[in-house]
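The structure appears below as structure tokens.
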Amino acid sequence: MRRKLVVGNWKMNGSLATIAELDAIAAAAGRAPGIDVAVAMPATLIAPAVARMPGFAIGAQDVHQDKSGAHTGCVSADMVREAGAAFTIVGHSERRTDQHETDADVKAKAETARGAGLSVILCVGETLTQRDAGEAERVVTDQLAASLPAGAAADWLAIAYEPIWAIGTGRVPGEADAAAMHGAIRAALCGLLGEAGAAVRILYGGSVTGENAGLLLHIEDVDGALVGGASLTAAKFVPIVEAAQR
């Protein structure tokens, strides 16, 4: 059985004052022993978050594909690991779109992160134009194949399916559409990794809320959620954690 995993992504939000929200989030995680809960923080908040909540899984939102070098403004996997991060997100659609990251970039970041001892959440997803053209499954599985790091294994890698058209819009795929996409990703993982692909967790991301989590998190092959805006406060994030536990 794959344990459910619920991950918050604060994106470019938060401050030293708002990390107090982690107190109630960690308490909710403690009441849900059957699932894993984590939060990806802005790089400046990783160390203070880890200091405040030792033992709670804090991660980074991105790392550079190189271990070090002349990359002004970037952070390396070793840097966030030293700050206390346990994992990193790579390939989020906002970075693929805004920073023009390619599948090769994402694969390199995942491999560098693994080399630094970090677990990885690798994101894939399609645009509304691609979905309307009937290309969604092909686009997503092609992204997965091209982004999948060498040595991929369930003990350090999870996949997050995030339809770009659903992020921050309040729109979510229908139950049948979500099940079909997660099933396609599962089939692709098994094709790429063999039997080991059945153990890799696949998260859904895109306008997840306490209201829709109960449905989304119990669709076949949906092994958890990557949560954006609703993870910024315990009041909105805790109901998602609780829905995953049910």
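Can you find a residue that is within 14 Å of the chain's Cα centre (by Cα), within 18 Å of A32 (Cβ to Cβ) and of a type in the set (D, E) anywhere in the stretch 162-185?
no
Of all residues in the stretch 107-127 being among the β-branched types (V, I, T) and under 16 Å from L203 (Cβ atoms), which is nearest to the chain's Cα centre (by Cα)?
Among residues in the stretch 107-127 that are among the β-branched types (V, I, T) and under 16 Å from L203 (Cβ atoms), the one nearest to the chain's Cα centre (by Cα) is I121.
Return yes or no: is V172 in a loop (DSSP other than H, G, I, E, B) and farther than 30 Å from G115 by Cα?
Judged against the criteria, V172 is a match.
Only residues that are in contact (Cβ under 8 Å) with a residue 40 or more places away in the chain and either surrounded by fewer than 17 Cβ atoms within 10 Å (Cβ to Cβ) or outside any helix (DSSP H, G or I) (or both): list them for the stretch 91-108, please.
Within the stretch 91-108, G91, H92, T97, A104 qualify.
What is the number of the single condition among (1) modelled with pLDDT under 95; (2) crowded, with 16+ Cβ neighbours inside 10 Å; (3) under 23 Å from V6 (Cβ atoms); (4) not hydrophobic (A, V, I, L, M, F, W, C) that R131 does not meet?
Evaluating R131 over (1) modelled with pLDDT under 95; (2) crowded, with 16+ Cβ neighbours inside 10 Å; (3) under 23 Å from V6 (Cβ atoms); (4) not hydrophobic (A, V, I, L, M, F, W, C) leaves (3) as the failure.
Checking the conditions here, which among L232, L226, L192 is under 24 Å from K107 (Cβ atoms) and either modelled with pLDDT under 95 or crowded, with 19+ Cβ neighbours inside 10 Å (or both)?
None of the others qualify; the one that does is L226.
Could you pull out the residue among A180, A198 that is among the hydrophobic types (A, V, I, L, M, F, W, C), touching a Cys at 6+ places or on another chain (Cβ under 7 Å), under 20 Å from D142 (Cα atoms) and outside any loop (DSSP other than H, G, I, E, B)?
A198 is the lone residue from the list that is among the hydrophobic types (A, V, I, L, M, F, W, C), touching a Cys at 6+ places or on another chain (Cβ under 7 Å), under 20 Å from D142 (Cα atoms) and outside any loop (DSSP other than H, G, I, E, B).
Taking only pairs six or more apart or across chains, which ones have beta-carbon atoms under 9 Å, a first residue in the stretch 63-88 that is closer than 13 Å to V50 by Cβ, and a second residue that is of a type in the set (K, R) and exposed (fewer than 13 other Cβ atoms within 10 Å of the Cβ)?
Listed pairs, sorted by first residue: none to list.
Those residues that are over 12 Å from G8 (Cβ atoms), of a type in the set (A, V, I, L, M, F, W, C) and part of a helix (DSSP H, G or I), I need them from the stretch 25-44; list them, please.
The answer is A27, A43.
List the pairs whose first member sits in the stretch 112-130 and is at negative phi and without any contact (Cβ under 8 Å) to a residue 60 or more places away in the chain, whose second member is among the basic types (K, R) and in a loop (DSSP other than H, G, I, E, B), and whose Cβ atoms are under 7 Å apart, counting only residues at least 6 apart or on separate chains?
T112/K67
If the requirement is being buried (at least 17 other Cβ atoms within 10 Å of the Cβ), in contact with a helix residue (DSSP H, G or I) (Cβ under 8 Å, 6 or more places away or on another chain) and of a type in the set (A, V, I, L, M), which of these qualifies: L22, L16?
L22
Of the residues G183, G205, which single one is surrounded by 23 or more Cβ atoms within 10 Å (Cβ to Cβ), out of contact with any helix residue (DSSP H, G or I) (no Cβ under 7 Å at 6 or more places or on another chain), of a type outside the set (K, R) and at negative phi?
G205
Select, from V75, V7, V50, the only residue that is at pLDDT 95 or above, assigned to a loop (DSSP other than H, G, I, E, B) and either of a type in the set (V, I, T) or in contact with a Ser or Thr (Cβ under 7 Å, 6 or more places away or on another chain) (or both).
V75
The values are calculated or read from the model by the stated rules, or taken from the named source; none is laboratory data. Predicted model only: the values in this text are computed from it and were never measured. Cβ atoms come from the backbone with ideal geometry, glycine included; neighbour counts cover every protein chain shown.
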